[in-house]
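Notes for the one structure printed next.
The values are calculated or read from the model by the stated rules, or taken from the named source; none is laboratory data. Bear in mind that the values here come from a model prediction, so they are computed numbers and not experimental data. Because the Cβ atoms are built from the backbone with ideal geometry, glycine has one as well, and the counts that use them run over all protein chains shown. Quick note on the areas: whole protein, heavy atoms, side chains included, nothing else; ligands and nucleic acids left out. Shrake-Rupley method; radii C 1.70, N 1.55, O 1.52, S 1.80 Å.
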Amino acid sequence: MAELKNDVFLRALRRQPTARTPVWIMRQAGRYLPEYREVRAEAGDFMSLCRNARLACEVTLQPLRRFRLDAAILFSDILTVPDALGLGLYFETGEGPRFKRPVQSAAAIRKLSVPDVGSELGYVFDAVSTIRKALDGEVPLIGFAGSPWTVATYMVEGRSSRDFKTIRGLAKEDPQALLTLLDIVTETTVQYLNAQIEAGAQAIMVFDTWGSALEPDDYRRFSLANMQTIVDNLARDKGAERIPVILFTKGAGALLADMVDTGCEALGVDWTTDLGTARRYVEDKVALQGNLDPATLRESPAVIRQGVADTLASYGHGPGHVFNLGHGITPDIAPEHLGVLVDAVHELSPQYHD
Ligand code: CP3
């Protein structure tokens, strides 16, 4: 395997000194890029793109050809796991993900079992090894999964939701059934992430997009506890150094202080908490990733540069910051605007490092 040529992202996750702040962008491969839309059209639909290692590799590399990014992220989705659990994932154009067989009752939960991850999700591991080879050591490859809670919201609601009525009802009426469901998703996710590591993923990120829909005690019980199990059970001692883990609960705010003790290397922060405040919550025990408001990318280059400057200043001096947006880039963004952001991080961040 080729030697890693750019390790600034992995060093920052480990809070080791770097000459500048690394940058990558959530959803950096996606619909805002015309070359992505072309390949997706060739594949036919989103899941066919995910299942084709050659095309998934191609779209993973597209943003790296345009922008000086410090990491690649596997092109896939968090909903591959419930698809492997037999729920029948499909995407309705313009309406996001749907399941043919959502799991809305204790009886439906009892019918679920951990699938054979190697056969059901082998296409993802093929994509990981294909991408890792194609990267040829230019930048590290991030593998990922959804948090069990976030994945379960889609499994129970059957689709994207704003109020999570069904799953929150289940949490109150039959918490044991929900915990059973979360256990199955957690066990599947551990195997899924370990196989990604085995195939070549060099860092792992867990996306907990909907954890903050829970009140704090329920967050700890139904979301954080399962992320803890994942961190505890990852086979992270692969090379000379442990594979770093990033946990991202969108909207975590003060809950960041609870997330620190999981044993992860880094926490993702959205734009509703400034990085200086987040750094105080976590007492510099872990690295922080984020957190420019994605909407900033709609504005002029001057506004984008100012946003980057403010985000860097908010984190302040020293190692342990990975620049990113506070959530994924949206399809309406002009690619050149992301170029302005990335260039600004390269230009403005060295002053924060010795
Ligand atoms: O970041 C990357 O570039 C890697 C790929 C990636 C995708 N989804 C590709 C994708 C990652 C890391 C995800 C994570 C994901 N997927 C999350 C957690 C992160 C977040 O954004 O909160 C969630 C909640 C999902 C579930 C999901 N997948 C939704 C709600 C949708 C529809 C979104 C939409 O805007 O239509 C998807 C589809 C999806 N996943 C797309 C991409 C590029 C768009 C598919 C397309 O139409 O081409």
TODO: Report the semi-axes of the equivalent ellipsoid for the chain in whole Å, largest first, where each axis is √(5λ) for an eigenvalue λ of the Cα gyration tensor.
DONE: 30, 23, 20
Task: Radius 11 Å from Cβ of SER147, net charge of other residues (Lys, Arg +1; Asp, Glu -1) - done: 0
TODO: Please work out the ratio of the alpha-carbon Rg of the stretch 203-345 to 2.2 N^0.38 Å and round it to two decimals.
DONE: 1.08
Open item on the list: Using amide H atoms built in the peptide plane, which far-off residues or other-chain residues are under 5 Å from ALA252 H to H?
Closed with: ASP270
Task: Dimensionless Rg ratio for the stretch 116-251, taking C-alpha atoms and the 2.2 N^0.38 Å reference - done: 1.11
Task: Listed peptides 141-150, 116-125 by packing density, highest first (mean Cβ within 10 Å) - done: 141-150, 116-125
Open item on the list: If packing is taken as the average number of other Cβ atoms within 10 Å across a peptide's residues, how do 174-185, 83-94 rank, most packed first?
Closed with: 174-185, 83-94
Task: Within the chain, helix-based [θ] at 222 nm, where runs of 4 or more DSSP H residues each add -39,500 (n - 2.57), nearest 500 - done: -13000 deg cm²/dmol
Task: Convex hull (Cα only) mean projected area of the stretch 184-237, reported in nm² to one decimal - done: 3.9
- [ ] Taking each pair of different alpha-carbon atoms in the stretch 1-136 once, compute 1/r for the pair, average those values, and report the inverse of that mean as the Kirkwood hydrodynamic radius in Å to one decimal.
- [x] 17.0
Task: Qualifying GluC sites (Glu not before Pro) for the stretch 240-318 [loop in DSSP, other Cβ within 10 Å: at most 11] - done: GLU283
- [ ] Round to the nearest 10 and report in Å² the accessible area of HIS327, as given by a 1.4 Å probe over the protein chains' heavy atoms.
- [x] 60
- [ ] Within the stretch 164-207, find all residues whose amide N lies under 16 Å from a label point positioned 7 Å from the Cα of ARG110 along Cα-to-beta-carbon.
- [x] 174-181
TODO: Measure out, as a whole number of angstrom, how far apart the alpha-carbon centroids of the stretch 13-42 and the stretch 334-354 sit.
DONE: 13
Open item on the list: Student exercise: in the chain, how many lysine pairs 8 or more apart or on different chains have Cα atoms under 24 Å apart?
Closed with: 11
